[in-house]
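A short write-up of the structure that comes next.
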Amino acid sequence: MKPGTQIVYVPHHVNGNIFHKDCQYGFVTSISKGGTEHFCRYWLKGEIGRKLRTVANSELTPNDCLQEYHSANQKRVDEQLDIILKGEIK
């Protein structure tokens, strides 16, 4: 996965159910040095494509808990990623 790839975080206890209430939807911001994890930003529940859950930092997420999943308008994701990479958090 590369920066801008939309993902869903699927914790192990949900047994692969990407619609479980504990899953989080978001996008990749970067790849860890070892490549076994990705830094991701997640949308606030109920605000997918509108508001990010965290504004200061991306969250390190193990690859085995990530699946590619399109949950928001890609243009919105690209705009948010551009803002994040420029350091202009909104």
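State yes or no: is K33 assigned to a helix (DSSP H, G or I), of a type in the set (D, E, K, R) and exposed (fewer than 13 other Cβ atoms within 10 Å of the Cβ)? Criteria not met by K33. Residue check: is Y42 in contact with a Gly (Cβ under 7 Å, 6 or more places away or on another chain) and either modelled with pLDDT under 95 or in a strand (DSSP E or B) (or both)? So Y42 fits the description; yes. A search for C-beta distances below 6 Å between a residue of the stretch 63-81 that is touching a residue at least 12 places away in the same chain (Cβ under 8 Å) and any residue that is in a helix (DSSP H, G or I), counting only pairs 6+ apart in sequence or on different chains, returns nothing.
The values are calculated or read from the model by the stated rules, or taken from the named source; none is laboratory data. Keep in mind the model is a prediction, meaning the values are calculated, not measured. Using ideal geometry, Cβ is built from the backbone for each residue, glycine included, and neighbour counts are taken over all protein chains shown.
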